[in-house]
1. Please enumerate the residues belonging to the stretch 18-40 that are modelled with pLDDT of 85 or more and not in a helix (DSSP H, G or I).
2. Can you name the residue in the stretch 185-234 that is in contact with a strand residue (DSSP E or B) (Cβ under 8 Å, 6 or more places away or on another chain) and in a helix (DSSP H, G or I) and is also nearest to residue 14 (Cα to Cα) among such residues?
3. Sort through 85, 72, 59, 55 and tell me the only one that's crowded, with 24+ Cβ neighbours inside 10 Å, under 29 Å from the mean Cα position of the chain (by Cα) and assigned by TED's automatic domain parsing to the domain that holds residue 155.
4. Which one is nearest to residue 272 (Cα to Cα) among residues in the stretch 167-180 that are in contact with a helix residue (DSSP H, G or I) (Cβ under 7 Å, 6 or more places away or on another chain) and surrounded by 18 or more Cβ atoms within 10 Å (Cβ to Cβ)?
5. Return a yes/no flag: does the stretch 235-250 have any residue that is within 30 Å of residue 61 (Cα to Cα) and in contact with a helix residue (DSSP H, G or I) (Cβ under 7 Å, 6 or more places away or on another chain).
6. Just a yes or no: is a residue in the stretch 285-300 part of a helix (DSSP H, G or I), in contact (Cβ under 8 Å) with a residue 12 or more places away in the chain, surrounded by 24 or more Cβ atoms within 10 Å (Cβ to Cβ) and in the same structural domain as residue 235 (by TED's automatic domain parsing)?
7. Scan the stretch 116-130 residue by residue and report those that are in contact (Cβ under 8 Å) with a residue 12 or more places away in the chain and part of a loop (DSSP other than H, G, I, E, B).
8. Going by the structure shown, is residue 201 buried (at least 24 other Cβ atoms within 10 Å of the Cβ), touching a helix residue (DSSP H, G or I) at 6+ places or on another chain (Cβ under 7 Å) and touching a residue at least 12 places away in the same chain (Cβ under 8 Å)?
């Protein structure tokens, strides 16, 4: 299987997971707003129950992503084994990583059974609803419990402990890497890879990478728009200046693709600027301990973040860095146009003579 196919299946699972994480994360954030940081201990209160709703939702993250990656690979027969395998991964503490491994095991097992399991026509109708799901669940469930569950749980635990132990400079470096990837292809595969990592950390209740992801996707449109509105016709075309006005609300809404008109027109100058600006912004949020329990929403979820003012400060710094780098390295358009216009006029003058 090619990497592009693997990525497609992973992103399918993530796309089904995101609404669950958003709803659950918002519930937990609202609970903390009204019940404080120790809301989980305030039993019997309304904020406590809201927090419980969010927590129950978060407990379904691994089963959901496992089921829908399996669904992407093997269609509906993969759903039930996927859900059950995801629950097993949660039970044995194999987490997000175990869920992804289990999903591919389920998907490929279903495909193998579809191809090689031959039964009389009288029972063919039972294959997708009973026989294949049952055999797949038994096989993958036993593999998880007996063979690969503990090694995956150990690896998952090692990754989480390494993340939790990061301090200062190492946090900034990780954040800068996330931001640089977010700012590189602006919604493309590298951007999606960084998002996938941050979503995995969010599922394991490590919230700093999600804030780094959000700011890394918001900074490019805002920074490029700022550069265009400062330099105007000196470095940007009339069409780009109009696009900059649209890029501002897109950036605030965490729609990184608002940068694409500029990147497509001048990738050699725009992409380095967006990478640097996003790296700085994401590195600062990680270093300052900014957290987000919600993976999407842009400026609208800032009030329920941990350290929202520091997030806004990092966003302003990253946007200014993006704009500064772009203004520094991007050549003047007006001078080039004036030179071309002068050359055309000189040519016309010679032809008249």
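The values are calculated or read from the model by the stated rules, or taken from the named source; none is laboratory data. Everything quoted here is computed from the prediction, not taken from an experiment. Every residue, glycine among them, receives a Cβ derived from its backbone with ideal geometry; neighbour counts consider all protein chains shown.
1. none
2. Filtering the stretch 185-234 for residues that are in contact with a strand residue (DSSP E or B) (Cβ under 8 Å, 6 or more places away or on another chain) and in a helix (DSSP H, G or I), the one nearest to residue 14 (Cα to Cα) comes out as 210.
3. None of the other options fit; the residue is 85.
4. Ranking the candidates gives 180 first.
5. Yes, the stretch 235-250 has at least one match.
6. Among the residues of the stretch 285-300, at least one is part of a helix (DSSP H, G or I), in contact (Cβ under 8 Å) with a residue 12 or more places away in the chain, surrounded by 24 or more Cβ atoms within 10 Å (Cβ to Cβ) and in the same structural domain as residue 235 (by TED's automatic domain parsing), which makes the answer yes.
7. Hits for the stretch 116-130 are 117, 119.
8. Here the answer is no, as residue 201 does not meet what is asked.
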